[in-house]
Amino acid sequence: MSNVIQFKRPSPKEKHKGKTLCKSGFHKWVVIKDKQFDVKQGKLVTAYQCSRCGEKKTKAL
């Protein structure tokens, strides 16, 4: 019973870090180079992912 580990609860600053800009529509888009061709559309696409919140979007060329 002496091996009890106390877990630290994340502070509100750490919990919501980077999400306030994304909620306002100011994402930080980064290009994902893994998937460049969409089979269903038969077109080249550019895949983007927000580096703060992880949201994804695609744009056809």
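So the check is Cβ under 8 Å with 6+ separation or different chains; which pairs have a first residue in the stretch 1-18 that's modelled with pLDDT under 80 and a second one that's hydrophobic (A, V, I, L, M, F, W, C)?
The qualifying pairs are 18/53.
Provide a single number: the residues in the stretch 29-61 that are surrounded by fewer than 13 Cβ atoms within 10 Å (Cβ to Cβ), part of a loop (DSSP other than H, G, I, E, B) and not small (Gly, Ala, Ser).
Going through the stretch 29-61 one residue at a time, the tally reaches 9.
Checking residue 20 against (1) exposed (fewer than 10 other Cβ atoms within 10 Å of the Cβ); (2) at negative phi, which test does it fail?
(1) is the only condition that residue 20 fails.
The values are calculated or read from the model by the stated rules, or taken from the named source; none is laboratory data. In this text the structure is predicted, and so the values were computed from the model without any measurement. Note that each Cβ is placed from the backbone with ideal geometry, even for glycine, and that neighbours are counted across all protein chains shown.
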